[in-house]
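As structure tokens, the structure follows; a few thoughts come after it.
The values are calculated or read from the model by the stated rules, or taken from the named source; none is laboratory data. These numbers were taken from a predicted model, which means no experiment stands behind them. Neighbour counts run over all protein chains shown; Cβ positions are idealised from the backbone, glycine included.
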């Protein structure tokens, strides 16, 4: 590497640190020195709680042949690279099993995280809203472009002709349940739809093996929306960022228990490990 190249690289690192530092200061966050130097100076960082946090050097979720980002989420589609890569993988998994399928993605977080209208969480780059796959009255698979709420029978609550696609929505949940690279910790969805999905899977030998793992991940939020019109997925903190990242939402008295989940056993979650495991951190877009 030439001296000029080294100077250019050092300049880019300094610029990235300066931008990140300004964003942190604006939100009142201060990072321990280890996270401002060495390899951490170039990695994506998820800071604070899901409902009181921010992120640095996030990755943008862009559309692919198998994934469509809702237009209203244009500047809200940034997240930790592990989350973004998981969504691309799961969209690809479903499309391979059901050709032509396109996953609908809604809000993740703003580029730097922080408060986001319409959400109590989505602040630290570890949350994403995902629309349901749908079919018509004859079972024909249709594209989704907006979130649609469904009842326990799988019928659209707005009286429309769309129906909940049990098979593809289960394929999506199964893909998440199998995925151990991202550190998935929660899949929020309404209890009636959770029950519908699990009945579908348990009654089919092909899908039954992952039903119990999915049952531990699926849960209806205790407060707020019932999530009958979308999945809300959340990944846990990278294990090398535990000093700055809090896995659960912040409550009164700063107790770190997430009231979005009911009182159920925690799923067997594998925290994010080596950044090289999934290229999850090294290929993050600069902030």
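General remarks:
- Verdict on residue 99 being modelled with pLDDT of 95 or more and in contact with a strand residue (DSSP E or B) (Cβ under 7 Å, 6 or more places away or on another chain): no
- Enumeration of residues in the range 37-94 that are at pLDDT below 95, in contact with a helix residue (DSSP H, G or I) (Cβ under 9 Å, 6 or more places away or on another chain), surrounded by fewer than 16 Cβ atoms within 10 Å (Cβ to Cβ) and not in a loop (DSSP other than H, G, I, E, B): 39
- The listed residue being surrounded by fewer than 24 Cβ atoms within 10 Å (Cβ to Cβ), in contact with a strand residue (DSSP E or B) (Cβ under 9 Å, 6 or more places away or on another chain) and within 26 Å of residue 241 (Cα to Cα), out of 129, 136: 129
- Residue 228 meets each of the listed conditions (1) buried (at least 21 other Cβ atoms within 10 Å of the Cβ); (2) at pLDDT 55 or above; (3) in contact with a helix residue (DSSP H, G or I) (Cβ under 7 Å, 6 or more places away or on another chain) apart from (1).
- Of note, residue 222 satisfies the criterion of being at pLDDT below 95, surrounded by fewer than 20 Cβ atoms within 10 Å (Cβ to Cβ), more than 22 Å from residue 104 (Cβ to Cβ) and under 21 Å from the mean Cα position of the chain (by Cα).
- Within the range 145-187, the set of residues being touching a residue at least 60 places away in the same chain (Cβ under 8 Å), assigned to a loop (DSSP other than H, G, I, E, B) and surrounded by fewer than 23 Cβ atoms within 10 Å (Cβ to Cβ) comprises 145, 146, 147, 148, 149, 151, 157, 179, 180, 181.
- Contacts under 8 angstrom Cβ, first residue in the range 89-106 being farther than 15 Å from residue 135 by Cα, partner at pLDDT below 95 and part of a helix (DSSP H, G or I), 6 or more apart: 105/73; 106/72; 106/73
- The residue of the range 241-265 that is modelled with the lowest pLDDT, among those that are more than 17 Å from the chain's Cα centre (by Cα) and buried (at least 18 other Cβ atoms within 10 Å of the Cβ), is 250.
- Some residue of the range 112-120 being assigned to a helix (DSSP H, G or I) and under 23 Å from residue 237 (Cα atoms): no
- Considering residues of the range 188-206 that are touching a helix residue (DSSP H, G or I) at 6+ places or on another chain (Cβ under 9 Å) and not in a helix (DSSP H, G or I) only, the residue surrounded by the most Cβ atoms within 10 Å (Cβ to Cβ): 189
- Residue 113 out of contact with any strand residue (DSSP E or B) (no Cβ under 7 Å at 6 or more places or on another chain) and either crowded, with 24+ Cβ neighbours inside 10 Å or without any contact (Cβ under 8 Å) to a residue 60 or more places away in the chain (or both): no
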